[in-house]
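Presented below is the structure to which this report refers.
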């Protein structure tokens, strides 16, 4: 076992900062020694706050540093393919935020480079590391609800990101629903065979020039015979609403709720409870758990449980959803487990 994994974080927006903070203060076996961001002042600021020795605006300085074992890539998705291939060629292990890339052919090239350089890659599908989803998975595997037949996923944000983000996000199916596409595979233990997707703009009219929508639904079929429906919304003005349900032949498992704290308030005006305000509160522990898993895998020379192939499969589902939405037709998926050669 390797005692310490020397890490660098590339991209210091919200997610990048959380990863940096976790690595610097909470993750056993990790040493954060470098942070990088194209805005040099941001890199310097984070380095000071977290007491990190090195900061830069040039990621090549990180890749060329022979003392770095692993990189966390939290840069914009449009840069992922380049960042991953540079990291792999410099023999750095990789954690990359979803999606793996914006383009399926790029994903194939990225995976080939990872294989050729014999390094490990984990993709940031943090819901797999959320305690509720993990417990649901374990209960399904134990047979508590019989054969899993149907997954229902709900992902609702309390508002939309700004136009500048939407313009480069890849759209709601790729940016948002991809989490549910991945978790549906994880919970049902099956691969997607077809998808039909629909959507509309109900509130955020500024999305129209970017061919995106603020309300979407997709219906998926799986090779086990199971099925799923997955909703994505930017219109949950009441709070952050992430839920799931798996219906089996002998029961159902419901995952998540709107409740932020498990309390019920009773007054003469009625009964109330507080609502999860945003995803930092809902998935704070999941983000920590996924990085702990990544570091543990590297220390023990083991492949992470959610890897580049999972990233490619989720990307193929998301792009197929987008194609279905654009064409108004059901899209059949190829067998995602086939060799890439």
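The values are calculated or read from the model by the stated rules, or taken from the named source; none is laboratory data. Here the structure is a predicted model, which means the values were calculated and not measured. Backbone-built Cβ (ideal geometry, glycine too); neighbour counts: all protein chains shown.
Looking only at segment 131-143, how many residues end up being surrounded by 14 or more Cβ atoms within 10 Å (Cβ to Cβ) and either within 20 Å of residue 222 (Cα to Cα) or more than 18 Å from the chain's Cα centre (by Cα) (or both)?
Number of matching residues: 5.
Would you confirm, using the coordinates I've provided, whether residue 212 is outside the structural domain of residue 77 (by TED's automatic domain parsing), surrounded by 23 or more Cβ atoms within 10 Å (Cβ to Cβ) and outside any loop (DSSP other than H, G, I, E, B)?
no
Collect the residues in segment 217-249 that are assigned to a strand (DSSP E or B), at pLDDT 95 or above and over 13 Å from residue 181 (Cα atoms), keeping them in residue-number order.
The answer is 233, 245, 246, 247, 248.
For segment 115-132, state whether one or more residues are outside any loop (DSSP other than H, G, I, E, B) and modelled with pLDDT under 95.
Yes, that holds for at least one residue.
Within segment 299-310, which residues are within 22 Å of residue 20 (Cα to Cα) and buried (at least 22 other Cβ atoms within 10 Å of the Cβ)?
Once the filter is applied, which keeps residues that are within 22 Å of residue 20 (Cα to Cα) and buried (at least 22 other Cβ atoms within 10 Å of the Cβ), segment 299-310 yields 306, 308.
From the list 222, 173, pick out the single residue that is in contact with a strand residue (DSSP E or B) (Cβ under 8 Å, 6 or more places away or on another chain), surrounded by 21 or more Cβ atoms within 10 Å (Cβ to Cβ) and without any contact (Cβ under 8 Å) to a residue 40 or more places away in the chain.
Exactly one of 222, 173 is in contact with a strand residue (DSSP E or B) (Cβ under 8 Å, 6 or more places away or on another chain), surrounded by 21 or more Cβ atoms within 10 Å (Cβ to Cβ) and without any contact (Cβ under 8 Å) to a residue 40 or more places away in the chain, namely 222.
Hey, among 62, 46, 27, which residue is part of a loop (DSSP other than H, G, I, E, B) and either surrounded by 15 or more Cβ atoms within 10 Å (Cβ to Cβ) or assigned by TED's automatic domain parsing to the domain that holds residue 171 (or both)?
27
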